1. Counting other beta carbons within 10 Å of each Cβ, put 360, 165, 340 in order, fewest first.
2. Karplus couplings for region 347-355 from phi (6.51 cos²θ - 1.76 cosθ + 1.60, θ = phi - 60°), rounded to Hz, Gly and Pro as x?
3. Want the number for residue 210 to residue 230: 0.36 nm per residue separation, take away the alpha-carbon distance, what's left?
4. Provide the gained length on full extension for the span residue 272 to residue 156, in nm with one decimal, where the gain is 0.36 nm per separating residue minus the Cα-Cα distance.
5. Using R₀ = 35 Å, calculate the FRET efficiency as 1/(1 + (r/R₀)^6) where r is the Cβ-Cβ separation of residue 245 and residue 192; round to 0.05.
6. Apply the Karplus curve 6.51 cos²θ - 1.76 cosθ + 1.60, θ = phi - 60°, to the phi angles in region 157-166 and return the couplings in whole Hz, x for Gly and Pro.
7. Determine ³J(HN,Hα), in whole Hz, for all residues of region 170-181 in sequence, where each value follows from phi through the Karplus function 6.51 cos²θ - 1.76 cosθ + 1.60 and θ = phi - 60°; x replaces Gly and Pro.
8. Mind putting a number on the dipole of region 161-355 about its Cα centre? Charges go on the C-beta only, +1 for Lys and Arg and -1 for Asp and Glu, and I need it in Debye to the nearest 20.
Amino acid sequence: MHDLLMTRINGVSANISFLLPLGALLVSACGTGAESDPERSSSEQERTTAGQTSNAGKTAANGATYNPGAASTNASMSNTAIGAAGASNTATPADGSEASEADPEVSDTEGTPPRDGDASNPGGTPGDGDTSDPGGTPPVDDETDDEDPVAPGASTGPSLGSASRFAILGTSTVTCTNASAVGGDVGVSPGIAITGFDASCTLTGGLHAQDDIAVAAHADLLVAFDSLAAVACEHNLTGQELGGQTLPPGVYCFDTTAGITGELTLDAGGDAGGVWIFQLGTALTTATGSAVTMAGGGDPCNVFWRLGSSATLGTTSSMQGNVLASASVTLTSGSSLVGRAMAVNAAVTSDNNAVSGCAR
């Protein structure tokens, strides 16, 4: 009887020893899927240990053989399983959210984006007008170039082009009588009549009657004539007598006719490049013995007379400048001209005169 009882007690102890590891495994499995509660895990561990001690006491009290090595092994296995469950629960927070620890392989380079237009923001929205914004709206330039082209003025004068080689240039005819002297070419276009240039009328240039040179010269004469008309008037002297006046370089205009009685002085005031332009609505007449003289280094070739009709130079008068007449130019006996005599639409007539022309 005694032997049978001891055999059953030993069997129960063996079963308890066998079930303890299974209990530890069940605790580990439940701890992995459940929410972590460190205090609860610690309490369960204490209760498990207390239970094991109580069972061991009961076994000893029943007279069974107690194996302290097996109990220690089983407790160690249980603690190991609980420790593993605790490690798993540490990786997963109690609220079920993902771990908040920073990924060491990911660097935080984004941060708060800088302000628009900031020079440190190469990818931000550029600010208009910002100097650090190569693609933004450029700054507004308040300076604008609204200056109009400068119109021809008395400071330059017109170019006569190919007509500048002529001392006398007419449109219908050119006539020379009574021992005149001309320094330069004589031409006519589109007319073909050049008369009187015999031994008594001398010239230093050539005669050009409706040849290519004369045709080109007449065309350039028309351009110069129109250019003179486009120059803005600076001084309107309508009704005034030119004789007795001293005029500096400038643009002078008359609504109708103008006359010179006595002496008109054109004073450059030391400016050798000074230009005078006279715009007449109709005719110019110089009185007998009148004179236009240059002073202050003035150049007679920088003087331009644009006439709406004709020019008549009185007997023994002396004239200075380029005379461009819409109709005719008549040099009466004994008059002289330092410059050019040019008729845009009619004839030029010379009678015992001296016309020097210009070197340029």
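Where a number appears in this text, it was derived from the coordinates with a stated rule and is not lab data. A quick note: this is a predicted structure, and the numbers were derived from the prediction, not measured. Here Cβ is always computed from backbone atoms with ideal geometry, including for glycine, and neighbour counts include all displayed protein chains.
1. Result, fewest neighbours first: 360, 165, 340.
2. With the stated coefficients, region 347-355 comes to 9, 10, 10, 10, 9, 6, 10, 10, 10 Hz.
3. Answer, rounded to one decimal: 4.4 nm.
4. Here the answer is 40.6 nm.
5. 0.25
6. Once θ is set to phi - 60°, the couplings for region 157-166 become x, x, 9, 8, x, 6, 6, 5, 7, 9 Hz.
7. x, 9, 9, 8, 10, 10, 10, 9, 6, 6, 8, 10
8. 180
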